[in-house]
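Heads up: the structure comes next, in structure tokens.
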Amino acid sequence: MTARSREVRPAEPGPAPVWDVINGFAAYWALSAAIDLDIFEQLADGPATSAELADATGVSDAADLTLLAQLLTAKGLLDTDGERWSNSAASARFLVPSSAASMVELVRHSPGPKQGWPALASTLRDGRPAAPITDALDALYPALVAATAATQAAVARGVALELRSRGLWDGTGLIVDLGCGSGAWLQSLLAAGAGADPATGAGADPATGADARVGAAADAGAVASAIGVDLPLVLPAAQERLAGHDVTLVAGDYLEADLPSRRAAIVVLAHVLRAESAPRAEALLGRALDLLAEDGVLLVADYFRPPDGASTDTYAAAVHDLTLALTMRASTVGRGITEPTLAAWCATRGAHTVAVVEPVPRQRVHLITSSGGTHGTL
Ligand SMILES: C[S@@+](CC[C@H](N)C(=O)[O-])C[C@H]1O[C@@H](n2cnc3c(N)ncnc32)[C@H](O)[C@@H]1O
């Protein structure tokens with residue numbers, strides 16, 4: 001045997017990464033079918049055989065139910081003793097619709113408009129999604145914000161505690177939420193504010209207030225009051241959630257809406273920058289900073305994608321954030337946002353992050369003040 005023939009050749013790469021991606025498509029639709037068939041809800045009452053489950057879910061052939069259940073088991077979504085199926089711990093918590101932590105609606109809506117994905121190549125060639133895809137996203141927003149409301153309410157509660165404990169907010173003043181969605185952020189912040197009483201709440205019917213009440217809300221001093229801005233299709237969701245609170249809801253583009261300058265104790269930009277073009281996102285950040293009173297705090301919440309030029313390991317660790325950014329690109333002109341970009345946009349306006357809170361994994365919330373403030377720099 002020659003020295004040459006003893007050289008160790010690098011192993012040929014296997015196709016597993018490619019199959020993982022192909023199989024991800026099928027796994028998504030298997031989970032969607034299981035949700036549509038009510039499999040997780042049925043199993044919330046206890047384990048069942050394929051025949052029992054097929055009967056309960058209207059599947060005509062128990063062999064099909066078995067096949068679907070086997071794949072869901074392989075994916076960690078069901079367990080089996082060889083005879084009966086049961087929910088895995090994750091499914092019991094996140095896929096039973098009646099569970100407090102249910103992600104069922106998120107499974108349906110978080111990929112955005114489904115027609116955006118087969119059209120992704122042409123979206124990237126054209127530089128923007130076709131108008132019907134963008135329109136479909138606008139139509140989807142009410143369901144999307146409803147699906148994320150519970151999580152956002154919890155995140156906002158955590159942020160409110162942080163603001164109060166750091167002495168960044170005394171619980172009073174005006175709160176402005178640009179792209180308020182379900183109103184979950186405003187609801188949690190108002191509840192955390194001094195004097196706010198979510199049970200009785202003061203204030204007029206937000207459905208009738210619109211722009212005319214902006215001044216009134218801004219003038220409230222002792223307790224927190226709020227203004228929420230969102231698209232006309234989405235505002236009814238916030239109206240319902242915030243009924244009875246001192247909130248003015250403004251329908252329209254958050255870059256154009258008539259809002260009081262330099263008055264807000266808190267401005268919220270939660271999960272909105274990532275869907276905008278860079279110039280509009282930067283303008284929106286500038287607008288949010290302009291709304292702040294001198295000692296006000298801007299909250300920017302997002303799943304930040306890693307900056308360009310990072311390592312393979314960094315991207316691997318950020319697969320969720322990168323997927324979300326590409327999901328944005330499939331139906332908007334946005335490409336997600338990075339933390340260095342946010343810092344640069346703030347710096348040119350004399351503002352900076354004083355703390356970052358991560359109330360749920362990877363969802364990061366920057367607490368931003370103007371650099372003239374007394375809160376220090378991160
Ligand atoms: C991902 S949702 C986030 C909602 C909310 N901030 C939250 O964190 O739950 C994005 C929101 O921005 C709103 N939005 C998008 N474009 C907008 C615009 N040009 N003006 C006002 N709101 C807009 C959408 O309708 C949607 O409610």
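Show me 37-44, 266-273 ranked by packing, highest mean number of other Cβ atoms within 10 Å first. Please list the in-between numbers first.
Working: 37-44: 20.8, 266-273: 25.6.
Result, highest mean first: 266-273, 37-44.
Descending by average beta-carbon neighbour count within 10 Å, the peptides 103-112, 234-243 line up as 234-243, 103-112, the highest first.
Where in the chain are the DSSP H helices whose alpha-carbon span along the long axis reaches 27 Å or more and whose Kyte-Doolittle mean is at least -0.5?
Working: long enough: 16-36 (29 Å, 0.88); 131-165 (46 Å, 0.77).
In the chain, the long hydrophobic H runs are 16-36, 131-165.
Taking the highest mean first, how do the peptides 47-53, 129-135 order by number of other beta carbon atoms within 10 angstrom per residue? Present the calculation step by step, with values, prior to reporting the outcome.
Details: 47-53: 18.0, 129-135: 15.7.
Answer by packing, highest mean first, reads 47-53, 129-135.
Taking the protein heavy atoms of region 38-196 in the context of the full set of protein chains, the accessible area attributed to carbon and sulfur is 54 percent at 1.4 Å.
Running a GNM on the chain with Cα contacts under 10 Å, which residue among Ala301, Ala119, Ala143 ends up with the highest mean-square fluctuation? Result for the chain, Cα springs under 10 Å: Ala119 fluctuates most. Rolling a 1.4 Å probe across the protein heavy atoms gives the chain an accessible surface of 49 Å² per residue. Full extension of the chain between Ala143 and Leu231 gives 30.3 nm of extra length, using 0.36 nm per residue less the Cα-Cα distance.
3J(HN,Hα) couplings calculated from phi for region 352-360 with the Karplus curve 6.51 cos²θ - 1.76 cosθ + 1.60 (θ = phi - 60°) are, in sequence order, 7, 6, 9, 6, 10, 10, 10, x, 10 Hz; Gly and Pro show x. Using a cutoff of 8 angstrom between alpha carbon atoms and counting only pairs six or more residues apart, the relative contact order for the chain works out to 12 percent. For the residues Asp321, Asp79, Asp64, a GNM of the chain with alpha-carbon springs under 10 Å puts the largest fluctuation on Asp64. Using C-alpha pairs below 8 Å separated by at least 6 residues, the relative contact order for region 19-99 is 32 percent.
Given a Förster distance of 45 Å, report the FRET efficiency between Asp308 and Ala51 from their Cβ-Cβ distance, rounded to the nearest 0.05.
Numbers: r = 54 Å, r/R0 = 1.20.
For Asp308 and Ala51, the calculated efficiency is 0.25.
By the scheme Lys and Arg +1, Asp and Glu -1, what is the net charge of all other residues having a beta-carbon under 10 Å from that of Arg262? Mind dumping the intermediate values first?
On the way: positive: Arg263; negative: Asp290, Glu294.
Within the 10 Å Cβ shell, the charges total -1.
The values are calculated or read from the model by the stated rules, or taken from the named source; none is laboratory data. Predicted, not measured: the structure shown is a model, and the values here were computed from it. A quick note on method: Cβ atoms are made from the backbone with ideal geometry, for glycine too, and the neighbour counts reach across all protein chains shown. Accessible surface is based on the protein model in full, side chains and every heavy atom, while ligands, DNA and RNA are left aside. Shrake-Rupley method; radii C 1.70, N 1.55, O 1.52, S 1.80 Å.
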